[in-house]
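Let me begin by presenting the structure, written as structure tokens, before commenting on it.
The values are calculated or read from the model by the stated rules, or taken from the named source; none is laboratory data. The structure presented is a predicted model; accordingly, all values stated were derived computationally and were not measured. Reconstructed Cβ throughout: ideal geometry from the backbone, glycine too, with neighbour counts over all protein chains shown. The protein model used for the area step is the full one, side chains on, heavy atoms only, and it has no ligands, DNA or RNA in it. Shrake-Rupley method; radii C 1.70, N 1.55, O 1.52, S 1.80 Å.
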Amino acid sequence: VHAMNFVKLLNFELKRFIKFWFALALVITALQITAAITSAKWFVKYSTDTINREQMEVSEFLLNYGPYTMGTFLNTSFFMMSIMLAAVVIFIYTFFIWYRDWLGKSAFMYRLLMLPSTRLHVYTSKLATIILITLGLTGLQLILLPIVKAITQSIVPPELYIDDNIVYLFSTPVLALLFPNSLLEGVFIYGLGIAFVTMTFTAILCERSFGIRGIIAAVVYVAAGIGVLIIPLFFTEVLYVEKVLAIIIAIAVLLIAISTWLSHYLLTRKITV
């Protein structure tokens, strides 16, 4: 019964965001296709002009200036803009997913809290929604990469294009962040993300419970959490990187547990219907 209540709440939260998710996915797709077309066309024009102007062979141009690769696309402003847009939207929605229910005309949150279900389900369904939205956008990126590659190869002549090694490609900063190269890095990156979201949820519930005092407590709590996460970084000279990551992961798990407990406490004891 409890599992079904959670599933119903999760389904409800996802339905409320799905249209916006598709709109966001279309914008991200448009930005990345634009990046692929404009950067490929620019490179073709630049290489052609340079070869003609300097009277050089294609091989000489490649030696001096390098070929077009997927790495070139990953460094375009439109691609970076699409990633930043996704990150900003998720960050904003972390707040909106709560405040929309409280600040609407009918204060929908109070109806949610009156449901015959543990209030923790309201919390976990919102957390799961943020996680699934993020994973959905990450999956979209995985789909877009071969599409962008095909567009690029249709514009750039074969003699000017070289395929990046797949390992190198996924070790570039942005893709390494989205698709970590090891299980430890994956747990580290996504664990930090979940810890930040749960701390933000706790901060929101503090504000909802105590007003101005809650805002002060929220700022102190989030700052303290971030501070504790940063401390292990000062020991990178005396500890192996893997150990530092493991310590940060342990702290992140502890913060997730504390934030979840505090949020549950605030929802059940401090927020009255």
For region 228-273, enumerate the residues that are in contact with a Ser or Thr (Cβ under 7 Å, 6 or more places away or on another chain) and either open to solvent by 70 Å² or more (accessible area, probe 1.4 Å) or of a type in the set (Val, Ile, Thr) (or both). Val244, Ile256, Thr260, Lys270, Ile271
Restricting attention to region 1-46, report how many residues are of a type in the set (A, V, I, L, M), within 17 Å of Phe78 (Cβ to Cβ) and open to solvent by 40 Å² or more (accessible area, probe 1.4 Å). 5
What is the number of the single condition among (1) assigned to a helix (DSSP H, G or I); (2) in contact with a helix residue (DSSP H, G or I) (Cβ under 7 Å, 6 or more places away or on another chain) that Leu145 does not meet? (2)
Apart from one, (1) assigned to a helix (DSSP H, G or I); (2) open to solvent by 60 Å² or more (accessible area, probe 1.4 Å) all hold for Asn181; the odd one out is (1)
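Residues of region 205-242 being farther than 16 Å from Leu255 by Cβ, of a type in the set (Gly, Ala, Ser) and assigned to a helix (DSSP H, G or I), which ones?
Filtering region 205-242 for residues farther than 16 Å from Leu255 by Cβ gives 207-216, 234-242.
So of that shortlist, the ones also of a type in the set (Gly, Ala, Ser) come out as 209, 211, 214.
Answer for region 205-242, where residues must be farther than 16 Å from Leu255 by Cβ, of a type in the set (Gly, Ala, Ser) and assigned to a helix (DSSP H, G or I): Ser209, Gly214.
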Could you identify the single residue in Leu205, Leu178, Leu255 that is under 27 Å from Ala86 (Cα atoms), touching a residue at least 24 places away in the same chain (Cβ under 8 Å) and more than 22 Å from the chain's Cα centre (by Cα)? Leu205
Among the numbered conditions (1) within 22 Å of the chain's Cα centre (by Cα); (2) farther than 27 Å from Asn5 by Cα, tell me where Ile133 comes up short. (2)
For a quick check of your reading of the model, give me the residue pairs whose first member lies in region 120-148 and is among the β-branched types (Val, Ile, Thr), whose second is not in a helix (DSSP H, G or I), with beta-carbon atoms closer than 8 Å and at least 6 apart or on different chains. Val122/Leu115; Thr138/Phe179
Could you list, in sequence order, all residues of region 198-212 that are open to solvent by less than 30 Å² (accessible area, probe 1.4 Å) and β-branched (Val, Ile, Thr)? Thr198, Thr200, Thr202, Ile204
Per the filter on region 149-164, residues assigned to a helix (DSSP H, G or I), open to solvent by 70 Å² or more (accessible area, probe 1.4 Å) and touching a residue at least 24 places away in the same chain (Cβ under 8 Å) are Glu159
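Only one residue in Ile249, Ile215 is within 19 Å of the chain's Cα centre (by Cα), over 30 Å from Ala40 (Cα atoms) and of a type in the set (A, V, I, L, M, F, W, C). Which one?
Every option except Ile249 fails the conditions.
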Might you check whether a residue that is surrounded by 18 or more Cβ atoms within 10 Å (Cβ to Cβ), in contact (Cβ under 8 Å) with a residue 24 or more places away in the chain and aliphatic (A, V, I, L, M) occurs anywhere in region 213-227? no
Take region 105-131 and flag every residue that is closer than 20 Å to Cys206 by Cβ and at pLDDT below 85. Ala107, Met109, Tyr110, Leu112, Leu113, Arg119, Leu120
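With the requirement that a residue be of a type in the set (A, V, I, L, M) and surrounded by fewer than 17 Cβ atoms within 10 Å (Cβ to Cβ), what does region 165-177 give you? Let's see the steps before the verdict.
Of the residues in region 165-177, the ones of a type in the set (A, V, I, L, M) are 166-167, 169, 174-177.
Scanning region 165-177 gives Ile166, Val167, Val174, Ala176, Leu177.
So that you can scan it fast, the table gives a plain yes or no per residue for (1) in contact (Cβ under 8 Å) with a residue 40 or more places away in the chain; (2) under 27 Å from the mean Cα position of the chain (by Cα):
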site	(1), (2)
Thr34	yes, yes
Tyr46	no, no
Ile51	no, no
Tyr68	yes, no
Phe79	yes, yes
Val89	yes, yes
Trp102	yes, yes
Yes or no: region 189-197 includes at least one residue that is under 15 Å from the mean Cα position of the chain (by Cα), more than 29 Å from Asp101 (Cα to Cα), crowded, with 19+ Cβ neighbours inside 10 Å and not hydroxyl-bearing (Ser, Thr, Tyr). no
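Where in region 1-79 are the helices (runs of 4 or more DSSP H), entirely inside, with at least 3 residues that are closer than 23 Å to Ser171 by Cα?
Values: elements: 2-54, 58-65, 70-74.
The helices (runs of 4 or more DSSP H) meeting that bar are 2-54, 70-74.
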